Amino acid sequence: MKSFGTLGVVIAILAVMLIAGCGSYNGFVDGEEDVELAWSKVETQYQRRSDLIGNLVNTVKGAADFEKGTLEAVTNARARATSINIDPSNLSAEQIKQFEAAQGQLSQGLGRLLATAENYPQLQATQGFRDLQQQLESTENRVTVARDRFNEVATVFNKKVRRFPGTVFASVFGFSEKPQFEAQAGTANAPDVNFD
């Protein structure tokens, strides 16, 4: 009789572990899907930004004797930034850093383009140029919101992976922490942007 009691306890423990494992696995799958969705929203906002920059470059090209070097630098930075494709199911900290570096170079080029455009009052006076500047400002805000949301979702997922007993099931099922965006060097100081 004792062996049936011991067998019953072992079966009960295994059943509890199976239920907990299934629940953990499903939670990891849901969390990973949330991270991938948040990443796609980040990419969407960066793509919107890239499209607007392309339109801005084309608008600026119409200005007589606008500096070709500045336009080429922005166009090349845009090409580099859009060439980086990341599979959200295999995100790594190195990939995010590479992505951020390319986007940072594009931001620097855009800043130079807008600073140079200030020397062209006829360009500043066009409605299309002003509209694109406003859309870019709005898009920069959208990028920030999407990145923040991605970090929030990744944090929730990482907590599931790191907490006990989730950490045990995460290692068994092959789930690991997701990288996050980090603040760029020098971002503690707000940039001086003047669109007027």
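Just so you know, all these numbers are worked out from the coordinates, no wet-lab data involved. All figures in this text were calculated on a predicted structure; none of them were measured in a lab. Note that we place each Cβ from the backbone using ideal geometry, even for glycine, and neighbour counts take in every protein chain shown.
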222 nm [θ] for the chain, helices only, -39500 (n - 2.57) per DSSP H run of 4+, per residue, to 500? -27000 deg cm²/dmol
Taking neighbour counts of Cβ atoms within 10 Å as a proxy for exposure, in what order, fewest first, do 160, 41, 61 appear? 61, 41, 160
With all pairs of different alpha carbon atoms counted, what Kirkwood hydrodynamic radius in Å does the chain show? 19.9
Helix by helix through the chain, keep the DSSP H runs that span 20 Å or more along the axis on Cα and average at least 1.0 on Kyte-Doolittle, and give those back in order. none
For the pair residue 101 and residue 130, what calculated FRET efficiency results from E = 1/(1 + (r/R0)^6), where r is the Cβ-Cβ distance and R0 = 45 Å, to the nearest 0.05? 0.90
Pair residue 112, residue 86: separation of 7 Å Cα→Cβ label points (nm): 2.5
Residue farthest toward the positive end of the dipole of the chain, with Cβ of Lys/Arg at +1 and Asp/Glu at -1: which of 166, 10, 183? 10
